[in-house]
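The next block holds one structure in the form of structure tokens; read it before the comments.
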Amino acid sequence: MAKKENDLKKITESLIQDFLTQLGLDAEITIGDPVNTTESGDFSYLNVTLTGENLGELIGFRGNMLDSIQTILGLILTKTLSKEDVTEKYRIILDINDYRKQRADYLVSYALRAVDEVLNSGQPMELSPMKPSERRIVHMALKETKGIFTSSAGEGENRRVVISPKSK
């Protein structure tokens, strides 16, 4: 591992540890190597996983608190790295006790049950409102499913996935 990545991980771990200490919480912190998946290469993702007890309140309803903490930690990291004269940009992807994986599994299961209903009834079905990242999970999970197509409808926080039967 390059020294730069090692320093980045140490800085990130330190700021997250300070954040948790301020909240009176303790967690095991795992930080993955930076991954650049953007076409423009403007920034890299840094996967951070926290595991431990009593972290549920950091997740919040449907991950809203988790998303907020992720944003805050990302801003703190950006500010800290700019003081260290690091020019690369990083975004933190935070997960706590595998919440994101469990949520994705639930969304796929929910969507597949909805597909069965759509195929049986022949009628389109709107799913519950979801965040953009969650809608993407559903669209990707169903893109190869025969007999249906997906779209999004609604505005802002009420935006939802619509599963419709394909015309024959």
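The values are calculated or read from the model by the stated rules, or taken from the named source; none is laboratory data. As the structure is a computational prediction, the values presented were derived from the model and not from experiment. Please note: Cβ atoms are built from the backbone with ideal geometry, for glycine as well, and neighbour counts cover all protein chains shown. With ligands, DNA and RNA removed, areas are computed over all heavy atoms of the protein, side chains included. Shrake-Rupley method; radii C 1.70, N 1.55, O 1.52, S 1.80 Å.
Any residue at all in the stretch 148-156 that's more than 23 Å from Phe61 (Cβ to Cβ), of a type in the set (Val, Ile, Thr) and surrounded by 15 or more Cβ atoms within 10 Å (Cβ to Cβ)? Yes, there is a match, as at least one residue in the stretch 148-156 is more than 23 Å from Phe61 (Cβ to Cβ), of a type in the set (Val, Ile, Thr) and surrounded by 15 or more Cβ atoms within 10 Å (Cβ to Cβ).
Number of residues in the stretch 70-84 that are open to solvent by less than 50 Å² (accessible area, probe 1.4 Å) and either without any contact (Cβ under 8 Å) to a residue 40 or more places away in the chain or outside any helix (DSSP H, G or I) (or both): the value is 2.
Among residues belonging to the stretch 9-42 that are under 12 Å from Leu77 (Cβ atoms) and either in a strand (DSSP E or B) or touching a Phe, Trp or Tyr at 6+ places or on another chain (Cβ under 7 Å) (or both), point out the one that is modelled with the lowest pLDDT. This residue is Pro34.
Residue by residue, here is whether (1) at pLDDT 95 or above; (2) more than 23 Å from Arg159 (Cβ to Cβ); (3) more than 15 Å from the chain's Cα centre (by Cα) holds:
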position	(1), (2), (3)
Lys79	no, yes, yes
Ser82	no, yes, yes
Lys89	no, yes, yes
Ile93	no, no, no
Ile96	yes, yes, no
Val115	yes, no, yes
Glu126	yes, no, yes
Thr145	no, no, yes
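Please determine, by comparing only the residues of the stretch 147-168 that are within 22 Å of the chain's Cα centre (by Cα) and farther than 17 Å from Val108 by Cα, which one is modelled with the lowest pLDDT. It comes out as Glu157. Of the set (1) assigned to a loop (DSSP other than H, G, I, E, B); (2) within 30 Å of Asp7 (Cα to Cα), all apply to Ser133 but (1).
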